[in-house]
């Protein structure tokens, strides 16, 4: 439990560093754009391939398909609910695209993994990866498509082919490359694995510094508690775990798998949502505020989930 809370505090120390360095003039908006390009195109693809290669075997990946299916179903249902709520709130296409991504996708790695390990031990990480695979796959396909889609409504000159090309991001390609590497048991030289590990380790700190820079640029008025932000918080911390409970508890899955997937579904907003929003010229300011706010609230929700999960 303490390790999980420490992970949240670690995130805020990095966000604070980005905020401070930006206020001192060391980081600028150009720095922010550079960080987004590095994360989306270089460090995150490296991290994805590295994690898949070291944490999965072919047999484990195939045996875990049922858990992955449950995770996909839960996230897709949550995304559908987000679209309905966005329509209810009368959000514009640009606002709706960001809202749905923030409502749906979770920080499964930097916050989720330490919390899962601290609650259930090292053996639980294999189950945590099931949700990670579904969350990451859908984020870099459905999520990225949704973030970029509003541009087509603004410019009739864009073809459908170009619209679909927005999905084929480096992170998307690296994810499926990782799947094939594991399934075909393709060896990767040790020096390449080490290189991907080092480069991949840039993902979280650069993402957090990015959010810190965003906080320094955003007007204090942007921190208002709006209806969309309230619904996003409700979606992440209440609706998402409830959906997972309704789907997985009636199924004959191991108790540990059920507990892990429920906890993972209730993590705060995926940190990369803010940086990818900037990359696709969506509402990155609102995304940064939502990511930071949900991460702060997770200091409260993590102990609540731990108490809840201990009763079954």
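The values are calculated or read from the model by the stated rules, or taken from the named source; none is laboratory data. Since the structure is predicted, the reported quantities are computational estimates derived from the model, not experimental observations. When we count neighbours, we look across all protein chains shown, and the Cβ atoms used for this are built from the backbone with ideal geometry, even at glycine.
Quick look at the values:
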item: Flag for residue 70 being under 22 Å from residue 283 (Cα atoms), out of contact with any strand residue (DSSP E or B) (no Cβ under 7 Å at 6 or more places or on another chain) and either in contact (Cβ under 8 Å) with a residue 12 or more places away in the chain or assigned to a helix (DSSP H, G or I) (or both); result: no
item: So residue 91, is it part of a loop (DSSP other than H, G, I, E, B), farther than 22 Å from residue 252 by Cβ, touching a helix residue (DSSP H, G or I) at 6+ places or on another chain (Cβ under 8 Å) and in contact (Cβ under 8 Å) with a residue 12 or more places away in the chain; result: yes
item: Yes/no for residue 80 being closer than 25 Å to residue 147 by Cβ, assigned to a helix (DSSP H, G or I) and touching a residue at least 40 places away in the same chain (Cβ under 8 Å); result: no
item: Looking only at the stretch 58-87, and only at residues there that are farther than 16 Å from residue 105 by Cβ and touching a helix residue (DSSP H, G or I) at 6+ places or on another chain (Cβ under 7 Å), the one that is surrounded by the most Cβ atoms within 10 Å (Cβ to Cβ); result: 67
item: Near pairs, Cβ below 9 angstrom, 6+ apart or cross-chain, from the stretch 263-277 (touching a residue at least 60 places away in the same chain (Cβ under 8 Å) and at positive phi) to any residue that is outside any loop (DSSP other than H, G, I, E, B) and buried (at least 24 other Cβ atoms within 10 Å of the Cβ); result: none
item: Output for the stretch 271-312, where each listed residue is part of a loop (DSSP other than H, G, I, E, B) and within 20 Å of residue 144 (Cα to Cα); result: 271, 280, 281, 282, 283
item: The stretch 150-169, subset part of a helix (DSSP H, G or I) and buried (at least 18 other Cβ atoms within 10 Å of the Cβ), residue modelled with the highest pLDDT; result: 150
item: Residue 119 being in contact (Cβ under 8 Å) with a residue 40 or more places away in the chain, farther than 27 Å from residue 147 by Cβ, touching a helix residue (DSSP H, G or I) at 6+ places or on another chain (Cβ under 8 Å) and part of a helix (DSSP H, G or I); result: yes
item: Pairs, first more than 28 Å from residue 147 (Cβ to Cβ) in the stretch 168-187, second modelled with pLDDT under 90, C-beta under 6 Å, six or more apart; result: 183/58; 185/58
item: Filter result for the condition that a residue is in contact with a helix residue (DSSP H, G or I) (Cβ under 7 Å, 6 or more places away or on another chain), closer than 23 Å to residue 76 by Cα, assigned to a loop (DSSP other than H, G, I, E, B) and at pLDDT 80 or above, over 244, 267; result: 267
item: Hey, residue 108 at negative phi and either over 18 Å from the mean Cα position of the chain (by Cα) or outside any helix (DSSP H, G or I) (or both) or not; result: yes
